[in-house]
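Data block below; observations after.
None of the figures in this text is laboratory data; all of them are computed from the coordinates on show. Not measured: the values here are computed from a predicted model. Positions of Cβ are generated from backbone atoms using ideal geometry, with glycine treated the same way; all protein chains shown enter the neighbour counts.
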Amino acid sequence: MNILTAEDKRSPAWLKVAKYCDEQLLSLRAELEGDATPDRTATLRGRIKSLKSILSLGEVRATKEESEDE
């Protein structure tokens, strides 16, 4: 099941959201490479996971039926 249609993925709003998420991911990954406390590292990883989850809405996914056909 795909959350966003092809048209949705071309919309100005989605493009802005995706760009924002990509920029935030770069920033958070750079910060993660530095010296961070274990608590800060956990926070950064959680934020990265959340951003990736948002970006995954635009990915093509096989439905359960399509996966079973393979």
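Think of it as helices only: each DSSP H run of n ≥ 4 in the chain is worth -39500 (n - 2.57), and spread over all residues that comes to -23000 deg cm²/dmol at 222 nm.
Suppose R0 equals 30 Å. What FRET efficiency, 1/(1 + (r/R0)^6) with r the Cβ-Cβ distance, do residue 3 and residue 37 give to the nearest 0.05? Show your work: numbers first, answer last.
Details: r = 35 Å, r/R0 = 1.17.
The value I calculate is 0.30.
A convex hull fitted around the alpha carbon atoms of the chain yields 106 Å³ per residue. Over the chain, Cα pairs under 8 Å with separation of 6+ residues give a relative contact order of 53 percent.
Couplings for region 31-45, taken from phi via the Karplus curve 6.51 cos²θ - 1.76 cosθ + 1.60 with θ = phi - 60°, read 5, 5, 6, x, 7, 10, 5, x, 5, 5, 4, 4, 4, 4, 5 Hz in order; Gly and Pro are left as x. Looking at region 33-62, the trypsin sites (Lys or Arg not before Pro) that sit in a DSSP loop and have at most 13 other Cβ atoms within 10 Å of their own Cβ are 61.
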